[in-house]
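So the structure is just underneath, and the comments pick up after that.
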Amino acid sequence: MRWGRARSKAANGRDVVREAQRLLDGRALESYIARRERVPAWSLVALLGHGSRIDLIRLAYPASKPDPAGWSGTIARLAGDLLGLTCDDPSLIRIQRRSLVPLELSMLGGHTAPPSTPGELYEMVSGSLERPLSADF
């Protein structure tokens, strides 16, 4: 009996570590989708705020055409905007750390109300890109 409990605790521990890694990588969205749970808006900001240039290219130019007025279309447009504002990896990382990661943390901490529509998400993210939330980077 003890062996089964120890094995179960180890599996739960691995799940926690995987979930933490997804959070740090900006990929918490995947967990919500896999569990068929409501996707929080901060996880969409995290997708943009932690993505590499390759990730953003995939988001901006998905294999299937997203609804331009929907959430996926808004993410595609924002990814394209980020690519247009940056010319290389250092400039992308700088804008992510100055604008998107602070916005994500503010939403996670409950200091910024989540957007309820794709249009509100677009305005919130593009506004943070124009007025960086952190001057540290």
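At-a-glance table
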{"quantity": "Gain on full stretching of the segment that runs from Glu37 to Arg94 - 0.36 nm per residue minus C-alpha separation", "calculated": "17.4 nm"}
{"quantity": "Equivalent ellipsoid dimensions for segment 53-133 as semi-axes, Å, which come from the Cα gyration tensor, largest first", "calculated": "20, 18, 9"}
{"quantity": "Contour minus Cα-Cα distance for Ser134 and Asp55 (0.36 nm per residue)", "calculated": "26.1 nm"}
{"quantity": "Mean Cα-pair separation over length for segment 54-137, i.e. relative contact order, pairs under 8 Å, 6 or more apart, %", "calculated": "31 percent"}
{"quantity": "Percent accessible area from carbon and sulfur atoms, segment 59-116, protein chains only, probe 1.4 Å", "calculated": "57 percent"}
{"quantity": "Full-stretch length increase - Asp67, Ala113 - with 0.36 nm per residue and alpha-carbon distance subtracted", "calculated": "14.1 nm"}
{"quantity": "Accessible area per residue in Å² at 1.4 Å probe, computed on segment 52-137", "calculated": "59 Å²"}
{"quantity": "Amide H within-cut-off set for Thr112, under 5 Å, with H built and near neighbours excluded", "calculated": "Met107"}
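The values are calculated or read from the model by the stated rules, or taken from the named source; none is laboratory data. Just so you know, these numbers come straight off a predicted model, no measurement behind them. These accessible areas exclude ligands, DNA and RNA; they are computed on the full protein's heavy atoms, side chains included. Shrake-Rupley method; radii C 1.70, N 1.55, O 1.52, S 1.80 Å.
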